[in-house]
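The values are calculated or read from the model by the stated rules, or taken from the named source; none is laboratory data. No experiment lies behind these values; they were computed from the predicted model shown. So basically every Cβ, Gly included, is an ideal-geometry build from the backbone, and we count neighbours across all protein chains shown.
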Amino acid sequence: MKIGLVGFPGSGKSTVFGALTGRSVETGFASRGDKANVAAVKVPDPRVDALAAMYQPKKTTYAEIVFKDLGGGRAEGLDRASLNEMREVDALCQVLRAFPDAAGTPADPRRELVDLEAETLLADLEIVEQRIARLAKDRSNPRELELLTRIQAGLEAETPIRSIELGAEERKMIGGYAFLTQKPMLLVLNVPEAAVAHPPPADVANAAEARGLGLILLSAPVEMDIAQLPEDEQPEFVASLGLEEPARDRFIRAAYALIDLVSMLTVGPDECRAWPIPRGTPAPRAAGKIHSDLERGFIRAEVIAYEDLVELGSEAKCREAGRLRVEGKDYVVMDGDVIHFRFNV
Ligand SMILES: Nc1nc2c(ncn2[C@@H]2O[C@H](COP(=O)(O)OP(=O)(O)O)[C@@H](O)[C@H]2O)c(=O)[nH]1
Ligand SMILES: [Mg+2]
């Protein structure tokens, strides 16, 4: 699962990437369009921490998502390469500049949001129009033609596809086009340090709300500083900024939720681990993420809800209290399920 950081040059994408990964990355003009910034990032999860404290495993593994710094737009429009890169990711995080840049140009984050939206609407419309022309000529798929005509009307009225109501069947029909305005999106408002504990400007907050988009406020250079401090010194620094936790943690969790992943948990003396699983995954397929043998030879899943395990303190106590469920192949894995798979190959 890959998340693309998008936004206009100088908005702070590479700095945000640095904050997410704790890496030192090149920022500024010289680095524009740097395509090398791709990294897997651990999803902070207090449940994994609690399970590790309980089992004292040899290894503790968090879920991971991949972030990619996508370079992004030019003043005269998104270039082809940037567009194609955007199509390949599962979700987008647009970084909006809310700090005056080095030349003193004032920020207009709402404008950046609207401008990138306009570019992506146009890119999608181009694909839709080409496809409609083809379908109108060969009449091979009247249902798709009807759907795309409806989408075309939406795009022309500046409605991103993610805001157009579509059934599951319809979404499947257009899944192959990788429309940009259909991708889930999160907004990251990159503010000056002095603004991190304040609410976002009203125009940006309203624009985000009108579009149903999540908005996270952070100061990328500050987050980068936090990420580079030794772990035991981080909380004090974070508190001194008037924050409860690094914005980075909130941001990663929001990005994780954006792509509709849930966490399946596994425990034992060897490893405690969170596994990212698409919402709605049946137990055998979830087992297959761990090892293909577990899917092939799936017999049953023994499931305890994380809350029950923590409340009662051990698997044995959960079993006694009837909180351990035995589930079959049709069971859909839920977020926070602690699972042991029984299998036979
Ligand atoms: N003052 C200030 N400068 C920032 C902030 N975020 C990024 N910068 C600087 O703005 C410039 C552009 O940032 P960069 O991350 O390279 O932007 P990108 O083009 O979107 O990747 C760099 O010189 C950064 O150090 C911020 O929140 N405040
Ligand atoms: Mg950059």
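Restricting attention to region 130-145, does a residue exist that is of a type in the set (Ser, Thr, Tyr), assigned to a helix (DSSP H, G or I) and either closer than 20 Å to Met86 by Cβ or more than 29 Å from the chain's Cα centre (by Cα) (or both)? No, region 130-145 has no match at all. Exactly one residue among Gly280, Gly288 is outside any helix (DSSP H, G or I) and farther than 16 Å from Arg325 by Cβ, and that residue is Gly280. For beta carbons closer than 6 Å, sequence separation of 6+ or different chains, a first residue in region 8-32 that is on the phi > 0 side of the Ramachandran plot and assigned to a loop (DSSP other than H, G, I, E, B) and a second that is near ligand 1 (Cβ under 7 Å from one of its atoms) and modelled with pLDDT under 90, the qualifying pairs are Gly10/Asp101. Residue-level analysis places Ala178 among those that are more than 30 Å from Ala107 (Cα to Cα) and touching a residue at least 60 places away in the same chain (Cβ under 8 Å). Scoring Ala197 on the criteria (1) in the same structural domain as Met86 (by TED's automatic domain parsing); (2) in contact with a Leu (Cβ under 7 Å, 6 or more places away or on another chain); (3) over 25 Å from Ser14 (Cβ atoms) leaves a single failure, condition (3).
Comparison of Val303, Val338, Val326 shows that the only residue that is hydrophobic (A, V, I, L, M, F, W, C), more than 25 Å from the chain's Cα centre (by Cα), modelled with pLDDT of 95 or more and crowded, with 16+ Cβ neighbours inside 10 Å is Val303. Taken as a whole, the structure leaves Arg319 outside the set of residues that are under 22 Å from the mean Cα position of the chain (by Cα), without any contact (Cβ under 8 Å) to a residue 24 or more places away in the chain and farther than 18 Å from Asp49 by Cβ. All conditions but one from (1) of a type outside the set (Ser, Thr, Tyr); (2) over 16 Å from Arg250 (Cβ atoms); (3) not in a helix (DSSP H, G or I) apply to Pro199; the one that does not is (2).
Between Ala205, Ala133, the distinction of being more than 16 Å from ligand 2 (Cβ to nearest atom) and surrounded by fewer than 16 Cβ atoms within 10 Å (Cβ to Cβ) belongs to Ala133 only.
For the residues Lys35, Lys42, Lys68, the requirement of being within 16 Å of ligand 1 (Cβ to nearest atom), modelled with pLDDT of 85 or more and under 25 Å from Met224 (Cβ atoms) singles out Lys68.
For every residue, the table says whether it meets (1) in a helix (DSSP H, G or I); (2) closer than 21 Å to Ser11 by Cα.
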{"site": "Ala205", "(1), (2)": "yes, yes"}
{"site": "Ala210", "(1), (2)": "yes, no"}
{"site": "Leu215", "(1), (2)": "no, yes"}
{"site": "Val222", "(1), (2)": "yes, yes"}
{"site": "Ile226", "(1), (2)": "yes, yes"}
{"site": "Glu236", "(1), (2)": "yes, no"}
{"site": "Gly242", "(1), (2)": "no, no"}
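Residues checked against (1) more than 18 Å from Val188 (Cβ to Cβ); (2) in contact with a His (Cβ under 9 Å, 6 or more places away or on another chain); (3) modelled with pLDDT of 90 or more:
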position: Ile226; (1), (2), (3): no, no, no
position: Glu231; (1), (2), (3): yes, no, no
position: Glu236; (1), (2), (3): yes, no, yes
position: Leu241; (1), (2), (3): no, no, no
position: Arg248; (1), (2), (3): no, no, no
position: Phe251; (1), (2), (3): no, no, yes
position: Ala254; (1), (2), (3): no, no, yes
position: Met264; (1), (2), (3): yes, no, yes
